[in-house]
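Written below as structure tokens is the structure these notes are about.
The values are calculated or read from the model by the stated rules, or taken from the named source; none is laboratory data. Owing to the predicted nature of the structure, the values given are computational and were not obtained by experimental measurement. Cβ placement follows ideal geometry from the backbone for every residue including glycine, while neighbour counts extend to all protein chains displayed.
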Amino acid sequence: DAGVIQSPRHEVTEMGQEVTLRCKPISGHNSLFWYRQTMMRGLELLIYFNNNVPIDDSGMPEDRFSAKMPNASFSTLKIQPSEPRDSAVYFCASTHPIANTGELFFGEGSRLTVL
Amino acid sequence: QKEVEQNSGPLSVPEGAIASLNCTYSDRGSQSFFWYRQYSGKSPELIMFIYSNGDKEDGRFTAQLNKASQYVSLLIRDSQPSDSATYLCAATTGGFKTIFGAGTRLFVKA
């Protein structure tokens, strides 16, 4: 089975530009998480969805960040406008909380650099 | 205060020794606890999970949970250079929200 698929793997953009990160969870997983990882702050939970519904977005830094999950097989994280402090690795993870006892399966991450 | 706290390290141990990694959490409603390993430039991968007080062993790894003290630990016996990585402690709360600590870097010297 394919794992969690994220795109793009690397993104370099200029301050003020819109960035869209994409995630395809593992088929059958009904929970999806977006994390951001930096050296300074570690792995921070931004938002998570259960059955395509956002449950907790308290980790979203500010209004420039938005996330959607229009169906069970696709989610996006959008940053508009982007700023240099948004530079980080963004991970998407999915799970089936009951079947997987909460184990998260991570994608390979999207490394974002905002100049 | 972060919800899940870890010593960032680095922790350095000689090959063959026991590595001891510790973690505390602040939310008493946390239900399950996880240890993930992350190699440089890679994504986290699960090593062990534990949700009952006491010890849980899997090969060279032992996870320990003390809910009264809000403390979780991971012991790695017979440490190998290939164990050198960052170890992330995580806790889930209601609704399966999973919060990670900042991670402890482990170096195993050959």
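Give the range A:19-66 a look and list any residue that's of a type in the set (Ser, Thr, Tyr), over 24 Å from B:GLU5 (Cα atoms) and over 11 Å from the mean Cα position of the chain (by Cα), or say none. Walk me through how you get there before you give the answer.
Taking the range A:19-66 first, the residues of a type in the set (Ser, Thr, Tyr) are A:20, A:27, A:31, A:35, A:38, A:48, A:58, A:66.
Narrowing the set further to residues that are over 24 Å from B:GLU5 (Cα atoms) leaves A:20, A:27, A:31, A:66.
The answer is A:SER27, A:SER31.
Out of the range B:53-69, which residues are within 20 Å of B:GLY94 (Cα to Cα), surrounded by 15 or more Cβ atoms within 10 Å (Cβ to Cβ) and either within 14 Å of chain A (Cβ to nearest Cβ) or of a type outside the set (D, E, K, R) (or both)?
The first filter runs over the range B:53-69 and keeps only residues within 20 Å of B:GLY94 (Cα to Cα), leaving B:53, B:65-69.
Filter again for surrounded by 15 or more Cβ atoms within 10 Å (Cβ to Cβ), leaving B:65, B:67.
Listed by number, the list holds a single entry, B:LEU65.
Please enumerate the residues belonging to the range A:40-64 that are at pLDDT 90 or above and among the hydrophobic types (A, V, I, L, M, F, W, C).
A:LEU43, A:LEU45, A:LEU46, A:ILE47, A:PHE49, A:VAL53, A:ILE55, A:MET60
Are there any strands (runs of 3 or more DSSP E) wholly within the range A:25-110 with 1 or more residues that are crowded, with 22+ Cβ neighbours inside 10 Å, within 14 Å of chain B (Cβ to nearest Cβ) and touching a residue at least 12 places away in the same chain (Cβ under 8 Å), and if so which? Can you show your working first?
Values: elements: A:31-38, A:42-50, A:53-56, A:65-71, A:74-79, A:88-95.
Counting at least 1 such residues, we get A:31-38, A:42-50, A:88-95.
Just name the residue that is farthest from A:PRO97 (Cα to Cα) out of those in the range B:31-52 that are crowded, with 22+ Cβ neighbours inside 10 Å and touching a residue at least 60 places away in the same chain (Cβ under 8 Å).
Initially, the range B:31-52 is screened for residues crowded, with 22+ Cβ neighbours inside 10 Å, giving B:33-36, B:43-44.
Checking which are touching a residue at least 60 places away in the same chain (Cβ under 8 Å) leaves us with B:34, B:36.
Details: B:PHE34: 13, B:TYR36: 17 Å.
Only one residue tops the list, namely B:TYR36.
One line per residue, one yes/no per condition, for (1) part of a loop (DSSP other than H, G, I, E, B); (2) more than 14 Å from chain A (Cβ to nearest Cβ); (3) of a type in the set (Gly, Ala, Ser); (4) in contact with a Lys or Arg (Cβ under 8 Å, 6 or more places away or on another chain):
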residue: B:ASN22; (1), (2), (3), (4): no, yes, no, no
residue: B:TRP35; (1), (2), (3), (4): no, no, no, no
residue: B:GLY41; (1), (2), (3), (4): yes, no, yes, no
residue: B:ILE47; (1), (2), (3), (4): no, no, no, yes
residue: B:SER73; (1), (2), (3), (4): no, yes, yes, no
residue: B:ASP78; (1), (2), (3), (4): yes, yes, no, yes
